[in-house]
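Structure, as structure tokens:
The values are calculated or read from the model by the stated rules, or taken from the named source; none is laboratory data. If you're wondering where the values come from, they're calculated on a predicted model, not measured in any experiment. Every residue, glycine as well, gets a Cβ built from its backbone with ideal geometry; the counts of neighbours run over all protein chains shown.
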2 protein chains.
Amino acid sequence: MSASRLNRRITLAARPQGLPTARDFHLDTQPIPEPADGQVLLRTRFLSLDPYMRGMMDEAGPGYAPGVRLGQPMVGGTVSEVVASRDPRFEVGQFVLANAGWQDYALSGGSDLTPLGQMARPSLALGGLGMPGFTAYVGLLDIGEPKPGETVVVAAATGAVGSVVGQLAKLKGARVVGIAGGAAKCRHAVEVLGFDACLDHREPDLKARLAAACPDGIDVYFENVGGEVLDAVLPLLNLHARIPVCGFIAHYNERDAGTADKRTQLLATVLARRVRMQGFIILDHYATRFADFRRDMTQWIDEGRIVLVEDVVDGLEQAPEAFIGLLQGRNFGKVVVRVAD
Amino acid sequence: MSASRLNRRITLAARPQGLPTARDFHLDTQPIPEPADGQVLLRTRFLSLDPYMRGMMDEAGPGYAPGVRLGQPMVGGTVSEVVASRDPRFEVGQFVLANAGWQDYALSGGSDLTPLGQMARPSLALGGLGMPGFTAYVGLLDIGEPKPGETVVVAAATGAVGSVVGQLAKLKGARVVGIAGGAAKCRHAVEVLGFDACLDHREPDLKARLAAACPDGIDVYFENVGGEVLDAVLPLLNLHARIPVCGFIAHYNERDAGTADKRTQLLATVLARRVRMQGFIILDHYATRFADFRRDMTQWIDEGRIVLVEDVVDGLEQAPEAFIGLLQGRNFGKVVVRVAD
């Protein structure tokens, strides 16, 4: 019986410990489902494979969606053809962007489908013109905000997201340094994608090579791997650097094993909860905001809406002990030393 | 000889390992300096003590300024009185905000002085109306952006910064949960400062108590301590939470000892370099940005400015192996499975 008469599905057979193996997946066949009124039957033409799917194999999911249930088809974005329609909005033969998962056929109620129109390469709707490309676009342009002349670093440089990140950064006039695994990928990043440089993370001493490749520091680090790449990036970050966090593939296989370090757990939370974390040094803000602050605070104090408690220590010679106490939390309110009356 | 005829200075005698001790400081006396033309002589009235000073005791400084040199006076903000002036902008008897450091007298060229005018409590210029209050204002209002009904968590709740953070958050209509050391401070935070709740971090099981005190999760966490408070906060963060990072006093004494974990090193970099780190899940952005993306990317592809490389795998049955390869970095470009032609 041909694949076109049965629905082949790849289901989640077991929850992987670490890197998935072939045994974690199961190929079965089912009858092709029949669309009910208002439904369409989709034939999968292209299935997207993306790193986030590793998180979907864990019971808890990747943090923003529940995991795939055991025995159910793996989820995934697809370019699908409408092969039967009981929804007047969709015609047989039409190509749509869908979430049919790892199977030949799927039913849809239509609300999650995007008509693709005529595309020369419909599979691009899963890549550069789809979710990965969109991830690069929003992450780099809206969060990373590269400016001409700035240095942008992206790992997985030839991957679906990284390759677009780097090219968009070049379009915006930035200098782009990629990181990839192997000499062939690095050559490709420079020669085909137009990166200024690309480093092979399999070679030794990534830290020193990244420092040499970024003589003006790093202004935008598009975070998609974590691990030793982040180790190498941190010392090179410039003032006011931006880090869009889109994932950290280096750790996807360790989360369930409880081996993730505290930094990875923090990144996982930043990602899953869309957290914005921003360091600030107050010295930077006097020119723009100090007058507002003095006006507002003075008013709030006068109105009794803000209470200010001081912990006054008498005598300069008491400063060391008072300071040590401050570091131990022994103070109560703002510590000031009355040096002279 | 009275303190008014000599300049007592507290200098950095040794670089502390961990918590400073009295032996890391040295009290000496020097002749009172004479102002040159264009200078003023300042008499310290109030000296501010602040946690950032711990970082100034390390050779490398806190990350945004060099450390104090051995044998030099500790740096610090002061409320000082002009006692001699060879700068026409300043009059004897005038009070100014200055950076005179841990000493009775200091010279200034005038450019770092802010006249204080008539203040009922001039020491407040070092606290709620000065740098700590300004830190709370910018960090909470400009970065944390609390909205009415949101939950704001701040540690060191009765400290110079935390006490203002919490009160500002209440002014903005947020629910405020503080964390402080000891029952007296917690009572003060609720009864005097008006926090909705305050937890004693010395009592056991902070995680469970914080979860109970934040039934709607946490929208803004004003980071000033790190450590176990951050551990307790992370699982409770709501979508789109904001974390202004102003410091992490729990770790100030471990940085030189090389005991800081990777998360603390990350926070230290985020702080010192004023980094903005932001997690995003692309699903959130389709409604607002997908049309822009499709328009821009289509144009850039048509112009040949963006190259899209695909790694096409043939056959649904190949999906598991291709996916495992993707997690290992074996792919070259975007991975799609051609399921049917």
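For the reader, a short list of remarks on this structure follows.
Residues checked against (1) facing chain B (nearest Cβ under 7 Å); (2) in a helix (DSSP H, G or I):
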site	(1), (2)
A:274	yes, no
A:278	yes, no
A:285	yes, yes
A:289	yes, yes
A:308	yes, no
A:313	no, no
A:322	yes, yes
A:336	yes, no
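- Residue B:205 passes every criterion in (1) more than 13 Å from chain A (Cβ to nearest Cβ); (2) buried (at least 16 other Cβ atoms within 10 Å of the Cβ); (3) more than 16 Å from residue B:167 (Cβ to Cβ); (4) charged (D, E, K, R) apart from (2).
- Single residue of the range B:164-187 satisfying the filter (over 14 Å from residue B:138 (Cα atoms) and facing chain A (nearest Cβ under 9 Å)) that is surrounded by the fewest Cβ atoms within 10 Å (Cβ to Cβ): B:184
- Those strands (runs of 3 or more DSSP E) lying entirely in the range B:119-207 with at least 3 residues touching a residue at least 60 places away in the same chain (Cβ under 8 Å) and within 19 Å of the chain's Cα centre (by Cα): B:151-154
- Flag for residue A:53 being touching a residue at least 40 places away in the same chain (Cβ under 8 Å) and of a type outside the set (S, T, N, Q): no
- Qualifying residues in the range B:301-326 (those that are buried (at least 19 other Cβ atoms within 10 Å of the Cβ) and touching a helix residue (DSSP H, G or I) at 6+ places or on another chain (Cβ under 7 Å)) - the one farthest from residue A:136 (Cα to Cα): B:320
- Taken as a whole, the range A:254-265 holds no residue that is β-branched (Val, Ile, Thr), at pLDDT 90 or above and buried (at least 18 other Cβ atoms within 10 Å of the Cβ).
Residues are listed down the side, and each one gets a yes or a no for (1) within 10 Å of chain B (Cβ to nearest Cβ); (2) in a strand (DSSP E or B); (3) touching a Cys at 6+ places or on another chain (Cβ under 6 Å):
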residue	(1), (2), (3)
A:11	no, yes, no
A:14	no, no, no
A:19	yes, no, no
A:30	no, yes, no
A:34	no, no, no
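- Filter result for residue A:225 (under 19 Å from the mean Cα position of the chain (by Cα) and assigned to a loop (DSSP other than H, G, I, E, B)): yes
- Looking across the range B:7-18, the residues that are of a type outside the set (Gly, Ala, Ser) and surrounded by fewer than 18 Cβ atoms within 10 Å (Cβ to Cβ) come down to B:15, B:17.
- When the range A:132-142 is filtered for residues that are over 13 Å from residue A:163 (Cβ atoms) and buried (at least 21 other Cβ atoms within 10 Å of the Cβ), the ones remaining, listed by number, are A:134, A:138, A:139.
- Positions within the range B:19-73 being basic (Lys, Arg) and surrounded by fewer than 16 Cβ atoms within 10 Å (Cβ to Cβ), in sequence order: B:23, B:69
- Selection of the range B:145-158 for residues being over 14 Å from residue B:178 (Cα atoms) and in contact with a helix residue (DSSP H, G or I) (Cβ under 8 Å, 6 or more places away or on another chain) yields only B:146.
- The range B:154-206, subset basic (Lys, Arg) and out of contact with any Ser or Thr (no Cβ under 8 Å at 6 or more places or on another chain), residue modelled with the lowest pLDDT: B:202
- As a summary of the residue check, residue A:264 satisfies the conditions (1) over 25 Å from residue B:173 (Cβ atoms); (2) more than 7 Å from every other protein chain (Cβ to nearest Cβ); (3) over 29 Å from the mean Cα position of the chain (by Cα) except for the one numbered (3).
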